[in-house]
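Remarks on the structure that follows.
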Amino acid sequence: MGNRDASVSQVGQAWEGEVMQKDATHQPNTGRCVVRRKPLPLSVRLWSRVDLGAGPDGCWLWLGSTNVRGYGQIRREPEGNALRGAKTTTHRAAWELTYGPIPDGLHVCHRCDTPRCVNPAHLWLGTHAENLADMKAKGRAARGERSSSARLNSKQVQVIKRLLAVGACSPKELSVLAGVTPSAIDAIKHEKTWRHIDAGL
């Protein structure tokens with residue numbers, strides 16, 4: 001028993017900051033002990049995986065995993081008895097670590113338009129509308145068939161514009177053919193939408 005106690009003590013010393021405890025929730029009445037590492041602070045996990053090579057004015061790029069939109073992702077500190085924290089984006093984490101909590105209803109936006117950048121100097125707070133306006137001003141807003149609400153593609157719109165230009169079909173007839181509302185055809189006709197597509201006549 002003496003050798004076993006000594007080995008357990010060595011394991012505890014080898015993992016600094018770890019604790020041995022009974023897993024009463026998941027292993028009831030087994031008496032089993034599990035070793036859990038004390039999680040590193042969010043600040044350490046974030047900044048240790050950032051490339052600062054571009055200098056104070058350049059983009060500080062996150063080197064870890066990213067989500068489908070290209071933004072870095074990281075887990076927050078676990079809360080309560082949770083083993084893992086909730087996921088958040090790295091630029092939001094960088095803002096919070098530098099400036100404090102993000103007010104409700106505001107987004108953390110990029111001046112540099114680089115999703116992986118976490119340089120606090122490149123970030124600003126804005127409403128959803130302000131973020132969309134900034135994207136549109138910089139030409140990054142989804143338009144045409146890239147928009148999630150698009151019912152038509154570029155080739156279909158080009159055909160519609162040609163038919164409208166030569167007077168071959170009325171907007172109502174085109175709406176039936178294309179499977180969209182007459183107002184959608186009217187918006188195309190008056191270039192309220194799909195302005196970037198030319199009839200190609």
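Since every read-out is calculated from the coordinates, none of them should be taken as a lab result. Note that the coordinates shown come from a computational prediction; the quantities given were computed from them, not determined experimentally. A quick note on method: Cβ atoms are made from the backbone with ideal geometry, for glycine too, and the neighbour counts reach across all protein chains shown.
Shape verdict for the stretch 45-201, please, from the Cα gyration tensor: rounded (a/c under 1.5), prolate (a/b greater than b/c) or oblate. Prolate shape, in that a/c is at least 1.5 and a/b is the bigger ratio. Give the shape of the stretch 149-201 as rounded, prolate or oblate, defined through the alpha-carbon gyration tensor: a ≥ b ≥ c are the square roots of its eigenvalues, a/c under 1.5 means rounded, and otherwise the shape is prolate if a/b is larger than b/c and oblate if not. Rounded is the answer for the stretch 149-201, as its axis ratio a/c remains below 1.5.
The protection proxy used here, the mean number of other Cβ atoms lying within 10 Å of each residue, ranks peptides 187-197, 49-59 as follows, highest first: 187-197, 49-59.
Rounded to the nearest Å, what's the spacing between the alpha carbon centres of the stretch 96-115 and the stretch 38-88? Just the number, please. Computed from Cα coordinates, the inter-centre distance equals 14 Å.
When peptides 161-172, 116-127 are sorted by average Cβ neighbour count within 10 Å, with the highest value leading, the order is 116-127, 161-172. Pairs exceeding a 28 Å alpha-carbon distance, out of Lys136/Lys161; Lys38/Lys87; Lys87/Lys155: Lys87/Lys155. So, counting K/R as plus one and D/E as minus one, what does the shell of residues with Cβ under 14 Å around Cys169 add up to? It works out to a net charge of +2.
Decide, for the stretch 88-128, between rounded, prolate and oblate: order the square roots of the alpha carbon gyration tensor eigenvalues as a ≥ b ≥ c, take rounded if a/c falls under 1.5, and otherwise choose prolate if a/b is larger than b/c, else oblate. Oblate is the answer for the stretch 88-128, as a/c is 1.5 or above yet b/c matches or exceeds a/b.
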